[in-house]
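To start, the structure under review is shown below, and the notes come after it.
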Amino acid sequence: MPFTPHKIRVGVLRGGPSPEYDVSLKTGNAILKNLPEHSDPVDILISKDGVWHESGVERSPSNILHRVDLCINGMHGAYGEDGEVQRLLENFKVPYTGSGALASALAMNKIAAKKIYKNHSLKTPFSVNLDSEDLSRKKIREIYEKLPSPFVVKPSSAGSSIGVYVVSSLPELEEAVIAAASHSPRVLVEEFIKGKEATCGVIDGFRNTEHYSLLPIEIRHKRDFFDYKAKYSDDETEEICPGNFSPEESALIKQMAIDAHKALGLRHYSRSDFIVHPRRGIYILETNTLPGLTEKSLIPKSLEAIGSNIKEFLAHLIDKALGRK
């Protein structure tokens, strides 16, 4: 009688109490559709109010997690990407894809990540931080006078460019800071650097390479920056892979993506965003520990550009999570 291998029960986490709920649903759907044949998929949906469901049936996390072999984390933003769900999975001793709890929390916190970038000689835009509980007009005016206009205002911890604004005047800056503070306990105000926008993925252990860098993508759009609408609208954005960068620029983007991945202590995969200024060089903006995997997302496009696909990528992630690679 032929040997039939045990099917791996793969829990796919999606949804969650984050503004990126809808994007996470799409990432989760893409994962469920592209799992390897030897896997037994388990659809784990977490509602916006934090209630867990298995294949549409409400269940406790304990009930669900005790019956899966590993989890693929298809969540984005708060809870799924900031170390919270990672700690829960570790408590239940369930292997999972993506970075560990501490590294996830560090990368999600833009202020902490920028400090780490600087400590590892990664160029990043000059910035000033504000506590959302102390947003006096005096402090905002001091920032207005300290940084050159225009300004980039962003919450310290949010994904998909949610709560991010590019502004020029003092009234606009005041309004943007207050709006960003509604998404996070701290706000970051950065200098705006004009240049080509780039993003670059890194995959651990892919194609027999310790940290494999995908081809840098150039992002072109009609907006002030690559905001939420531009990221998820075909009409707003052109994504060119490989991007129109010089060989030197491309090599540096790839190396900086690897350096950021290592500096933040990330694992399995990540994607970092950059600005390429024609004279001042390349600046890293942030690193995403759970980049989207929808049909419109950048990691799948990068995989296609090197002759791979999301199916091969997910099979690789499963092997990494189970310690088989």
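No value in this document is a laboratory result; all are computed from the given coordinates. Note that this is a predicted model, so its numbers are computed, not measured. Cβ: placed from backbone, ideal geometry, glycine included. Neighbour counts: every protein chain shown.
Summary table
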quantity: Entries in LYS118/LYS154; LYS114/LYS254; LYS114/LYS320; LYS115/LYS196; LYS48/LYS114 that, when Cα-Cα distance is taken, lie over 22 Å; calculated: LYS114/LYS320; LYS115/LYS196; LYS48/LYS114
quantity: Folded to 0 to 90 degrees: helix 110-119 orientation relative to the chain principal axis, Cα; calculated: 80
quantity: Rounded tilt (10° steps) of 247-263 against the dominant C-alpha axis of the chain; calculated: 70
quantity: Sites matching GluC sites (Glu not before Pro) across the stretch 1-67 that sit in DSSP coil, with at most 10 neighbouring C-beta atoms within 10 Å; calculated: GLU37
quantity: Normalised convex hull volume, the chain, alpha-carbon set, Å³ per residue; calculated: 141
quantity: Loop-located GluC sites (Glu not before Pro) in the stretch 271-325 whose Cβ has at most 16 other Cβ within 10 Å (DSSP); calculated: GLU295
quantity: Where chymotrypsin sites (Phe, Trp or Tyr not before Pro) in DSSP loops with at most 15 other Cβ within 10 Å are excluded, longest remaining stretch of the chain; calculated: 127-325
quantity: Cut-off 12 Å between beta-carbons: net charge of the residues surrounding ILE310, Lys and Arg +1, Asp and Glu -1; calculated: 0
quantity: Mean Cα-pair separation over length for the stretch 127-191, i.e. relative contact order, pairs under 8 Å, 6 or more apart, %; calculated: 49
quantity: Net length gained if the chain between VAL51 and HIS66 were fully extended (0.36 nm per residue, minus Cα distance); calculated: 3.7 nm
quantity: Crossing angle, helix 310-321 versus the chain [Cα axis fit, 0-90 degrees, rounded to tens]; calculated: 80
quantity: Neighbour-limited loop hits for GluC sites (Glu not before Pro), the stretch 88-183 (at most 15 other Cβ within 10 Å; DSSP other than H, G, I, E, B); calculated: GLU133
